[in-house]
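The structure is given below, and queries will be raised subsequently.
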Ligand code: RB5
């Protein structure tokens with residue numbers, strides 16, 4: 001799967017772990033940084049990943065910051081994005097089955113890195129259930145339209 005990936009300064013180590021782990025599992029990673037020294041602003045990186053996913057240039061996006069939360073807030077401002085910050089197996093699985101989430105955000109300062117790698121695998125492998133959920137996703141999509 002083609003995955004756009006980015007982090008701010010607070011997520012660099014976990015982003016590198018995710019990049020290596022997912023590449024080893026055969027995914028194509030598009031790493032959008034940050035590679036800068038010092039602090040950067042997480043919305044700048046969230047929007048880069050979100051735009052690529054919304055444009056269909058990447059199938060999914062993964063974002064890392066200190067908590068995962070700022071990245072999710074910013075990514076969700078881009079039309080077509082359903083970004084989540086899953087924290088266990090249930091929220092990870094359900095974010096795909098029910099919400100058809102296309103961006104996952106993780107927090108290097110608050111999550112165990114080995115757990116995040118497992119959650120990333122699960123999130124990428126889990127399909128969307130459709131059915132009754134589609135009406136709800138369509139209502140979310142309608143919020144994107146002017
Ligand atoms: C950066 O200090 C921190 O605020 C950021 O990485 C993230 O946790 C925001 O949600």
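The values are calculated or read from the model by the stated rules, or taken from the named source; none is laboratory data. What you see is a predicted model, and the numbers here were worked out from it, not measured in a lab. Quick reminder, even Gly has a Cβ in these numbers, built from the backbone with ideal geometry, and neighbours come from all protein chains shown.
Helices (runs of 4 or more DSSP H) wholly in the stretch 31-146 with at least 2 residues that are farther than 19 Å from residue 8 by Cα - which ones?
Working: elements: 42-54, 69-75, 89-97, 113-125, 132-144.
Those helices (runs of 4 or more DSSP H) span 89-97, 113-125, 132-144.
Cβ-Cβ under 8 Å, sequence separation 6+ or interchain: first residue in the stretch 1-25 and without any contact (Cβ under 8 Å) to a residue 24 or more places away in the chain and under 23 Å from residue 56 (Cβ atoms), partner assigned to a strand (DSSP E or B) and more than 16 Å from the ligand (Cβ to nearest atom). Which pairs?
Here the result reads 19/29; 19/31; 23/29, each pair linking the stretch 1-25 to a residue that is assigned to a strand (DSSP E or B) and more than 16 Å from the ligand (Cβ to nearest atom).
Hey, another quick one. Within the stretch 8-30, which residues are within 14 Å of the chain's Cα centre (by Cα), closer than 20 Å to residue 109 by Cα and more than 13 Å from the ligand (Cβ to nearest atom)? First the steps, then the outcome.
First, the residues of the stretch 8-30 that are within 14 Å of the chain's Cα centre (by Cα): 8, 11, 14-15, 18-19, 22, 29-30.
Going one step further and asking which of them are closer than 20 Å to residue 109 by Cα, we end up with 8, 11, 14-15, 18-19.
Listed by number, the residues that qualify are 18, 19.
In the set 100, 88, 112, 129, which member is at positive phi, surrounded by fewer than 22 Cβ atoms within 10 Å (Cβ to Cβ) and free of Cβ contacts under 8 Å to residues at least 60 places away in the same chain? Before the answer, list the steps.
On the way: 88 fails: at positive phi; 112 fails: at positive phi; 129 fails: at positive phi.
It is 100.
Kindly provide the set of residues from the stretch 48-72 that are within 14 Å of the ligand (Cβ to nearest atom) and either touching a helix residue (DSSP H, G or I) at 6+ places or on another chain (Cβ under 9 Å) or free of Cβ contacts under 8 Å to residues at least 12 places away in the same chain (or both), ordered by number.
If the condition is that a residue be within 14 Å of the ligand (Cβ to nearest atom) and either touching a helix residue (DSSP H, G or I) at 6+ places or on another chain (Cβ under 9 Å) or free of Cβ contacts under 8 Å to residues at least 12 places away in the same chain (or both), then 63, 64, 65, 66, 67, 68, 70, 71, 72 are the ones that fit.
Any idea which of (1) buried (at least 24 other Cβ atoms within 10 Å of the Cβ); (2) over 13 Å from the mean Cα position of the chain (by Cα) is the one residue 66 doesn't satisfy?
Going through (1) buried (at least 24 other Cβ atoms within 10 Å of the Cβ); (2) over 13 Å from the mean Cα position of the chain (by Cα) one by one, residue 66 breaks only (1).
What's the number of the only condition in (1) touching a helix residue (DSSP H, G or I) at 6+ places or on another chain (Cβ under 8 Å); (2) within 22 Å of residue 115 (Cα to Cα) that residue 28 fails to meet?
The single condition residue 28 does not satisfy is (1).
Let me ask something else about it. So which of 38, 56, 68, 26 is modelled with pLDDT of 95 or more and more than 21 Å from residue 125 (Cβ to Cβ)? It would help to see each step written out before you state the result.
On the way: 56 fails: more than 21 Å from residue 125 (Cβ to Cβ); 68 fails: more than 21 Å from residue 125 (Cβ to Cβ); 26 fails: more than 21 Å from residue 125 (Cβ to Cβ).
Selected residue: 38, the only one of 38, 56, 68, 26 that is modelled with pLDDT of 95 or more and more than 21 Å from residue 125 (Cβ to Cβ).
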